[in-house]
Amino acid sequence: MRIAVALLIITALQVAHAQDATNNTVVHRVKQGDSLELIAAEFYGDRTKAVFIMVENKLTHARPLKPGERLRIPISREVTASPGDTVESLAAVYLGSARRGRFLADFNGISPDDSLPAGTLVNIPFTIVHTAAATESISDIAKAYFGDGKNAELLRRYNFLDKGSLDRNESLIVPVYHVRLSTAKLPALDAESKARREHRREASARVAKALPAARQAWKDGDYAGVKRALAQLEPDLDYLDTSEAIDVGVLLGAAHVAYNDAELALASFKRVVDRQAKHVLRRYEYSPRILAVWQKAGGQIE
């Protein structure tokens, strides 16, 4: 069986222990008839992932479980981004280093170059710490936890290593991004997280109606119409997708310039630059007055 092979590899390498700092476990009380494989299926939807329960509970080999026994189950978690959160700030809190922001983005299919809209649900993989019993190749460690050695490079980069093996008693962190908690086992979101999720849904619905109207008003030279359509969205900007927030901010800023309100235009453009510093405006699409304020806000022109 695949799980038996994995357990043999883990035992040979030395059982790891779960990373304590992130508190990424729940407690499960063993029921009559439970086994490590059945619990893995219950929490992860996959019997072969029992090895992570063994690692968390420092079990060097499979054994019968006793009813009433308590086991710690490693779990991935879902967090809802707050205004101002980035993949780097979330990685600093949940993965131990802001430098792991790119990994967190990859795990969630998020572009690491884009800002993170408030209300976004971000999956945090659980991690374990592997300590070498002797000299061990990172490729072998990857085989033990991922089933093959292809993730050796990921482990090196995640741990900021420039070598291919560990010496005795050296440790590395293994991000278990390929194992997620079954939907039925996910903890309920707290009230604030639910509110942010709802705000994001409502903001998406509002911008879907307001942006087309604002674009048409801009084409018609109706700058007051642009402001009417978009002013209601200003409280939502942190909750919009990056592309939507940019469209709203640029249009609103341009309308403010048309009304000779450079201060409001500057504020709108700065919010755009904060969301995506690399965003550029093309010279042939905007007037010199708009481009001047855009540059003052730190925006780029091509």
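When the residues of region 101-116 are narrowed to those that are acidic (D, E) and either under 19 Å from L189 (Cβ atoms) or part of a loop (DSSP other than H, G, I, E, B) (or both), which ends up most open to solvent (accessible area, probe 1.4 Å)?
Here is the first cut: in region 101-116, the ones acidic (D, E) are 106, 113-114.
Now drop any that are not either under 19 Å from L189 (Cβ atoms) or part of a loop (DSSP other than H, G, I, E, B) (or both), which leaves 113-114.
On the way: D113: 97, D114: 60 Å².
The extreme case among them is D113.
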Those residues that are part of a strand (DSSP E or B), basic (K, R) and without any contact (Cβ under 8 Å) to a residue 60 or more places away in the chain, I need them from region 63-96; list them, please. R70, R72
Got a number for residues in region 195-205 being under 20 Å from the mean Cα position of the chain (by Cα) and open to solvent by less than 10 Å² (accessible area, probe 1.4 Å)? 0
In the set L252, L155, which member is open to solvent by less than 10 Å² (accessible area, probe 1.4 Å), assigned to a helix (DSSP H, G or I), without any contact (Cβ under 8 Å) to a residue 24 or more places away in the chain and not small (G, A, S)? L155
Suppose we keep only residues that are open to solvent by 10 Å² or more (accessible area, probe 1.4 Å) and in contact with a helix residue (DSSP H, G or I) (Cβ under 6 Å, 6 or more places away or on another chain) within region 137-151. Which one would you say is nearest to I75 (Cα to Cα)? N151
Which members of region 232-242 meet the condition of being among the charged types (D, E, K, R) and open to solvent by less than 10 Å² (accessible area, probe 1.4 Å)? D236
Of all residues being among the acidic types (D, E) and under 30 Å from G84 (Cβ atoms) in region 100-154, which is modelled with the highest pLDDT? Just the residue, please. D106
When restricted to A229, A245, A265, the only residue surrounded by 24 or more Cβ atoms within 10 Å (Cβ to Cβ) and closer than 13 Å to R215 by Cβ is A229
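Please specify each residue of region 204-223 satisfying the condition of being closer than 25 Å to A258 by Cβ and touching a residue at least 12 places away in the same chain (Cβ under 8 Å).
R206, V207, A210, L211, A213, A214, R215, A217, W218, Y223, listed by residue number.
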Filter region 117-136 down to residues that are among the hydroxyl-bearing types (S, T, Y) and not in a loop (DSSP other than H, G, I, E, B) and give me whichever is nearest to P74 (Cα to Cα). T127
Just to verify a result, which residue in region 57-79, among those that are of a type in the set (V, I, T) and open to solvent by less than 60 Å² (accessible area, probe 1.4 Å), is nearest to A91 (Cα to Cα)? V79
Quick one: in region 22-56, of everything that is open to solvent by less than 30 Å² (accessible area, probe 1.4 Å), under 15 Å from F126 (Cβ atoms) and not in a helix (DSSP H, G or I), which residue is modelled with the highest pLDDT? H28
What is the residue count in region 87-100 for residues that are of a type in the set (V, I, T) and open to solvent by 50 Å² or more (accessible area, probe 1.4 Å)? 1
Working carefully through the options D247, D261, D190, D238, find the one that is farther than 30 Å from N108 by Cα and out of contact with any strand residue (DSSP E or B) (no Cβ under 8 Å at 6 or more places or on another chain). D261
Can you find a residue that is touching a strand residue (DSSP E or B) at 6+ places or on another chain (Cβ under 6 Å), assigned to a helix (DSSP H, G or I), open to solvent by less than 90 Å² (accessible area, probe 1.4 Å) and farther than 14 Å from L233 by Cα anywhere in region 177-185? no
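From the list A214, A208, which one is surrounded by fewer than 15 Cβ atoms within 10 Å (Cβ to Cβ) and assigned to a helix (DSSP H, G or I)?
A208
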When you go through (1) in contact with a strand residue (DSSP E or B) (Cβ under 8 Å, 6 or more places away or on another chain); (2) farther than 25 Å from A118 by Cβ; (3) open to solvent by 30 Å² or more (accessible area, probe 1.4 Å) one by one for G221, which number turns out not to apply? (1)
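The values are calculated or read from the model by the stated rules, or taken from the named source; none is laboratory data. Remember, predicted model here, so these are calculated numbers, not experimental data. No Cβ is skipped: glycine too gets one built from the backbone with ideal geometry, and neighbour counts run over all protein chains shown. Note: accessible area is taken over every heavy atom of the protein model, side chains too, but ligands, DNA and RNA are not part of it. Shrake-Rupley method; radii C 1.70, N 1.55, O 1.52, S 1.80 Å.
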